[in-house]
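Visitor: Below are the structure tokens for one structure; questions will follow.
The values are calculated or read from the model by the stated rules, or taken from the named source; none is laboratory data. From a predicted model like this one, the values you see are computed outputs, not experimental measurements. Quick reminder, even Gly has a Cβ in these numbers, built from the backbone with ideal geometry, and neighbours come from all protein chains shown.
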Ligand code: NAD
């Protein structure tokens with residue numbers, strides 16, 4: 001099994017990105033500390049009765065980074081790599097993302113440290129319900145609204161929503177997003193992050209003078225984000241020549257048949273051994289393919305100062321959160337490669353989560369077409385704002401996006417004032 005790109009230090013990366021934005025904005029050290037520090041953190045024990053009758057103790061976290069603009073919002077991750085610092089970093093990126101695309105939330109994130117592939121469905125349900133009841137005092141439709149992330153899905157959200165509702169004595173649809181459509185989930189939510197990544201990727205390629213039809217792309221990660229990104233890129237005429245997952249990578253210079261690859265993954269659980277392709281020596285090599293577009297859509301910290309000079313793509317669009325370290329950003333920028341940052345590129349998920357929350361709170365449902373049109377409008381508008389701001393100030397897209405978002409959050413914070 002190839003497991004590459006173990007997280008380096010996502011919190012250090014997030015704080016460096018913030019400090020670069022704060023420098024541009026000319027804010028005080030006190031304001032940096034306020035923006036760099038989560039408002040609220042909760043660490044909980046999650047005791048699990050395993051199917052064999054033994055008891056195992058898992059640890060979970062929920063971090064609410066900022067509450068200035070509204071309730072906090074962010075995914076729930078199940079992974080053996082979860083740490084409190086990783087959750088803090090992911091919560092901070094959520095704050096900037098929500099501000100950048102103007103959804104009325106602060107950022108949050110949650111995680112439970114375990115490998116969900118090693119647990120039965122019954123065990124996953126018990127973990128989810130116990131974790132939810134432990135963090136219940138700080139979540140809610142007007143407090144903090146979880147959603148799926150690595151290792152969790154719409155079933156996880158259904159269990160969370162049910163646990164919260166049973167303990168509240170009535171059904172509370174707005175407590176989580178990314179729910180099944182039968183339970184108040186939004187049409188178009190499952191594909192939203194991937195669609196948003198592709199809207200921005202196509203715009204960024206054109207911005208760099210690359211015609212999407214016939215251009216080449218590689219996608220790292222074939223989960224909820226990477227899989228849809230590969231599919232929508234292929235539908236737009238882009239030749240997806242390589243994809244990877246945590247088990248390995250496949251490569252076809254003439255372009256992979258993405259629907260056939262999806263069928264292979266459904267049947268086997270991995271991209272590995274997909275017939276119409278050749279293997280790469282290890283998953284990470286996918287990052288170094290000579291392609292027009294690279295979409296890292298797996299985990300954070302995969303492109304750093306040790307390997308950035310080997311990344312061959314002209315345009316890198318971050319489907320994952322935090323895949324590129326600040327030092328790698330500098331190397332890629334110096335090489336003339338365009339990096340479209342996570343807080344812009346993968347914001348489609350939180351945009352449609354916001355639509356889902358609005359629909360749930362109003363108990364009025366939109367059509368899939370309405371959701372997709374509104375998503376595209378917001379993604380394109382956010383891309384254009386960031387592109388223009390970067391050009392006006394002659395700064396990289398990440399610095400433009402982060403400083404715009406930090407300014408929005410700070411303006412809200414200052415307008416509210418310090419209590420008491
Ligand atoms: P997922 O669990 O559905 O999929 C993760 C994929 O990455 C799997 O295919 C896994 O095999 C693969 N992977 C893990 N480690 C890898 C490695 N080292 N090399 C190659 N592949 C590897 O998770 P997801 O929801 O698709 O999330 C992926 C990323 O996108 C995360 O950074 C997440 O925070 C971010 N994100 C997700 C959403 C969303 O709506 N799900 C929204 C915004 C951002």
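Visitor: Pull up the range 168-195, narrow it to residues that are in contact with a helix residue (DSSP H, G or I) (Cβ under 6 Å, 6 or more places away or on another chain) and not in a loop (DSSP other than H, G, I, E, B), then point me to the one that is surrounded by the fewest Cβ atoms within 10 Å (Cβ to Cβ).
Guide: By that ranking, first place goes to 183.
Visitor: A further question follows. Among the residues of the range 206-234, count how many are within 11 Å of residue 194 (Cβ to Cβ) and not in a loop (DSSP other than H, G, I, E, B).
Guide: Total meeting the criteria: 9.
Visitor: Can you name the condition, by its number, that residue 250 falls short on among (1) more than 9 Å from the ligand (Cβ to nearest atom); (2) buried (at least 22 other Cβ atoms within 10 Å of the Cβ); (3) assigned to a loop (DSSP other than H, G, I, E, B)?
Guide: If we test residue 250 against (1) more than 9 Å from the ligand (Cβ to nearest atom); (2) buried (at least 22 other Cβ atoms within 10 Å of the Cβ); (3) assigned to a loop (DSSP other than H, G, I, E, B), just (3) comes out false.
Visitor: Here's a follow-up. Given the criterion within 12 Å of the ligand (Cβ to nearest atom) and on the phi < 0 side of the Ramachandran plot, identify the matching residue among 358, 350.
Guide: Values: 358 fails: within 12 Å of the ligand (Cβ to nearest atom).
Within the list 358, 350, the selection yields 350.
Visitor: Yes or no: the range 321-338 includes at least one residue that is at pLDDT below 95, surrounded by 24 or more Cβ atoms within 10 Å (Cβ to Cβ) and over 16 Å from the mean Cα position of the chain (by Cα).
Guide: The first filter runs over the range 321-338 and keeps only residues at pLDDT below 95, leaving none.
There is no residue in the range 321-338 that is at pLDDT below 95, surrounded by 24 or more Cβ atoms within 10 Å (Cβ to Cβ) and over 16 Å from the mean Cα position of the chain (by Cα).
Visitor: Checking the structure you have, find out if any residue of the range 49-63 is in contact with a helix residue (DSSP H, G or I) (Cβ under 6 Å, 6 or more places away or on another chain), without any contact (Cβ under 8 Å) to a residue 60 or more places away in the chain and within 16 Å of the ligand (Cβ to nearest atom).
Guide: Scanning the range 49-63, I find at least one residue that is in contact with a helix residue (DSSP H, G or I) (Cβ under 6 Å, 6 or more places away or on another chain), without any contact (Cβ under 8 Å) to a residue 60 or more places away in the chain and within 16 Å of the ligand (Cβ to nearest atom), so the answer is yes.
Visitor: Of the conditions (1) part of a loop (DSSP other than H, G, I, E, B); (2) surrounded by fewer than 24 Cβ atoms within 10 Å (Cβ to Cβ), residue 66 clears all except one; give me its number.
Guide: (2)
Visitor: Mind counting the residues in the range 205-231 that are in contact (Cβ under 8 Å) with a residue 40 or more places away in the chain, surrounded by 18 or more Cβ atoms within 10 Å (Cβ to Cβ) and more than 12 Å from the ligand (Cβ to nearest atom)?
Guide: Number of matching residues: 5.
Visitor: Under the condition of being touching a helix residue (DSSP H, G or I) at 6+ places or on another chain (Cβ under 8 Å) and surrounded by 16 or more Cβ atoms within 10 Å (Cβ to Cβ), which residue from the range 259-276 is farthest from residue 200 (Cα to Cα)?
Guide: Filtering first and then ranking leaves 274.
Visitor: Taking the condition of being away from the ligand (no atom under 15 Å from the Cβ) and within 20 Å of residue 401 (Cβ to Cβ), how many residues in the range 296-322 meet it?
Guide: Within the range 296-322, residues that are away from the ligand (no atom under 15 Å from the Cβ) and within 20 Å of residue 401 (Cβ to Cβ) number 4.
Visitor: Also: Can you tell me which of 256, 202 is at pLDDT 95 or above, within 18 Å of residue 298 (Cβ to Cβ), surrounded by 21 or more Cβ atoms within 10 Å (Cβ to Cβ) and more than 18 Å from the chain's Cα centre (by Cα)? Outline the logic, then answer.
Guide: Values: 202 fails: within 18 Å of residue 298 (Cβ to Cβ).
Answer to the selection: 256.
Visitor: Please enumerate the residues belonging to the range 1-26 that are at pLDDT below 95 and over 14 Å from residue 299 (Cα atoms).
Guide: Residue satisfying the conditions is 1 alone.
Visitor: Using beta carbons and a limit of 6 Å, which pairs, at least six apart or on different chains, have the first residue in the range 241-252 and under 9 Å from residue 219 (Cα atoms) and the second one at pLDDT below 95 and near the ligand (Cβ under 7 Å from one of its atoms)?
Guide: From the range 241-252, the pairs are 244/283.
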